[in-house]
Amino acid sequence: MSTSAANTSSVTVIGLGPMGRAMAGAYLDAGYQVTVWNRTASRADDLVARGAVRAATVGEALAANEVVVLSLTDYAAMYSILEPAVPALEGRVLVNLSSDTPGKAREGAAWAAKHGARHLTGGVQTPPSGIGSTEFNTYYSGPRELFEEYEDVLKVITGTDYRGEDPGLAALYYQLQMDLFWTALTAWLHTLALANANGISASEIQPYAAETLGGMGQFIDFYTPRIEAGQHSGDVERISMAVASLDHVVHTTRDSGVDPALPAALLEAFRRAAAEGYEEDSLTRLIAMFGRGTAAK
């Protein structure tokens, strides 16, 4: 770590939604001098009461510190907020923790470089309650030397997981986890709707749902080496079994007066794989099918 980075004890946080406020608070707790800016200035009131400096303008916020943490809705918000203050970007280190696509992250890094700023993409793997704890990680990507120079500053927010030089990688890893998270969470909510329709409460099904979801790690561990070896034999489970099982789920859902769209969509994917000749193969065959994007055609 360079001397300048080692002596960094101040930071600017732009964007004071729940995540941005948590980040600014973590820096205050760590003894940093913190400058904050938000479109709705009143969101900074509690932070100012704790010692943060409220910048009057974005340009003032950028000029205050070398390291600028962005916690915004997306990259479009970044452009909207920062473009009026482009001259103040020279020499800044933008730690962009806004969610967006890998392509948008690459474009954002190039835009920052054009205006004399250095850019690190970040993907935070915790809700606001986990900010300030090293039990959680944030994915980072961008120039390795930049990440290493400011890693101690980044660790105030969460632990760090550097993914590579490509600015899009942190965004990609983040979206991969969001794909898994939202799909699994929605499946649980559908399960609760089905349980409730049959007089079973959320608390009654909770231990069983937690056990099922908790056991998914074992399936991931088991299947990963087989997938990488191109092994999709149906010696453990078969697509034909999955079709029959999910068909029962769909019928149970309909019989209970619950919207069957979610399991029906999965059943359609299973049936499509069976129709392609993979009926006796493992469900892992779906990876190639999904990869072709057939559902979108």
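The values are calculated or read from the model by the stated rules, or taken from the named source; none is laboratory data. Note that the coordinates shown come from a computational prediction; the quantities given were computed from them, not determined experimentally. Positions of Cβ are backbone-derived with ideal geometry, glycine not excepted, and every protein chain shown enters the neighbour counts.
Please go through the stretch 115-131 and pick out each residue that is under 17 Å from the mean Cα position of the chain (by Cα) and not hydroxyl-bearing (Ser, Thr, Tyr).
Correct list: LEU120, GLY122, GLY123, VAL124, GLN125, PRO127, PRO128, GLY130, ILE131.
Could you list all residues from the stretch 7-41 that are of a type in the set (Gly, Ala, Ser) and more than 18 Å from THR73 (Cα to Cα)?
Answer for the stretch 7-41, where residues must be of a type in the set (Gly, Ala, Ser) and more than 18 Å from THR73 (Cα to Cα): SER9, SER10, GLY25, ALA26, ALA30, GLY31.
Which pairs do you get when a residue that is touching a residue at least 24 places away in the same chain (Cβ under 8 Å), found in the stretch 150-165, comes within reach of a residue that is in a helix (DSSP H, G or I) and polar (S, T, N, Q), reach meaning Cβ atoms under 6 angstrom, with the pair 6+ apart or on two chains?
From residues that are touching a residue at least 24 places away in the same chain (Cβ under 8 Å), there are no pairs.
Read through the list (1) farther than 16 Å from ARG118 by Cβ; (2) in contact with a strand residue (DSSP E or B) (Cβ under 7 Å, 6 or more places away or on another chain); (3) modelled with pLDDT under 95, then give the number of the only condition that THR8 fails.
(1)
Output the residues belonging to the stretch 224-243 that are out of contact with any Asp or Glu (no Cβ under 9 Å at 6 or more places or on another chain) and surrounded by 12 or more Cβ atoms within 10 Å (Cβ to Cβ).
ARG226, ILE227, GLN231, VAL236, GLU237, MET241, ALA242
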